[in-house]
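Here's the structure we're looking at; comments come further down.
The values are calculated or read from the model by the stated rules, or taken from the named source; none is laboratory data. Predicted, not measured: the structure shown is a model, and the values here were computed from it. Positions of Cβ are generated from backbone atoms using ideal geometry, with glycine treated the same way; all protein chains shown enter the neighbour counts. All accessible areas refer to the heavy atoms of the entire protein, side chains included, with ligands and DNA or RNA removed. Shrake-Rupley method; radii C 1.70, N 1.55, O 1.52, S 1.80 Å.
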Amino acid sequence: MIKDLTDLLAKKYEQLTVDASVDLVSMHRGGDEIKFIEPVSINGRLYRLEDDVVFFSGYLKTSIETACGRCLEPVSESVDLDFDEVVYAEGREEDYDLIIEPEGETIDIDSFILNLLDLKLPLKFLCDEECKGLCPVCGTNLNTSQCNCNDEKIDERFAMLKDLFKDR
Ligand SMILES: [Zn+2]
Ligand SMILES: [Zn+2]
């Protein structure tokens, strides 16, 4: 969704209201895929702070699904966040951390949402605070089953490695 800032910049209006529901499929973040399981609702206002600087302040709400940071099982989370970001600063881009690249006197709300989420979402989601994760040796999901890799075996492997380096 493209929002035209021309009238705002020409001082016809003090602010523009944004009240939208945007369909997004997914985004990539680090090695993880984040899927949107409902449209992103975004409500707020674009306002001119100085002649050539536009802020976007508001509230974003959606639900996402991604992989647990420990066991890789799907996790769904609702996302609610407030924001107040600079989206346009003609000729003064160095003075502000712009969250998107404006195109002429327009901004792309979809890109704004994706960049905002990239910035604000936690780095990892967990299926549960107590998630036991995957066995580092065989990859078994330790929440649902056990494996036969015990500490003794891991110690044996490290001992073998040590011997390997000693011979060199
Ligand atoms: Zn997990
Ligand atoms: Zn194992």
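List the GluC sites (Glu not before Pro) within region 5-97 that fall in a DSSP loop (any state other than H, G, I, E or B) and whose Cβ has at most 14 other Cβ atoms within 10 Å. Each step should come with its number before you reach the end.
Values: sites: E14, E33, E50, E65, E77, E85, E90, E93, E94; in loops: E14, E90.
Those satisfying the criteria are E14, E90.
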Using only Cα atoms, find the angle between the long axis of helix 109-120 and the longest principal axis of the chain, and express it within 0 to 90 degrees, rounded to the nearest 10. 40 degrees
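DSSP loop (so not H, G, I, E, B), at most 16 other Cβ within 10 Å: list which trypsin sites (Lys or Arg not before Pro) in region 50-129 pass both filters. Mind dumping the intermediate values first?
Numbers: sites: K61, R70, R92, K120, K124; in loops: R70, R92, K124.
Listed in order of number, the matching sites are R92, K124.
From the cross-link list K35/K124; K12/K61; K61/K132; K12/K120; K3/K61; K35/K120, which pairs have alpha carbons spaced over 23 Å apart? If you can, show how the numbers build up before the last one.
Values: K35/K124 14 Å; K12/K61 30 Å; K61/K132 30 Å; K12/K120 32 Å; K3/K61 19 Å; K35/K120 16 Å.
Too far apart for the 23 Å limit: K12/K61; K61/K132; K12/K120.
Subtracting the Cα-Cα distance from 0.36 nm times the residue separation, let me have the gained length for D23 to K35 in nm, one decimal.
Numbers: separation 12, 0.36 × 12 = 4.32 nm, distance 1.11 nm.
That pair, D23 and K35, stretches by 3.2 nm at full extension.
May I ask you to give the solvent-accessible area per residue for region 2-120, in square angstrom, as obtained with a 1.4 angstrom probe? Please report the intermediate quantities before stating the final value.
On the way: 6360 Å² over 119 residues.
Accessible surface, normalised per residue, equals 53 Å².
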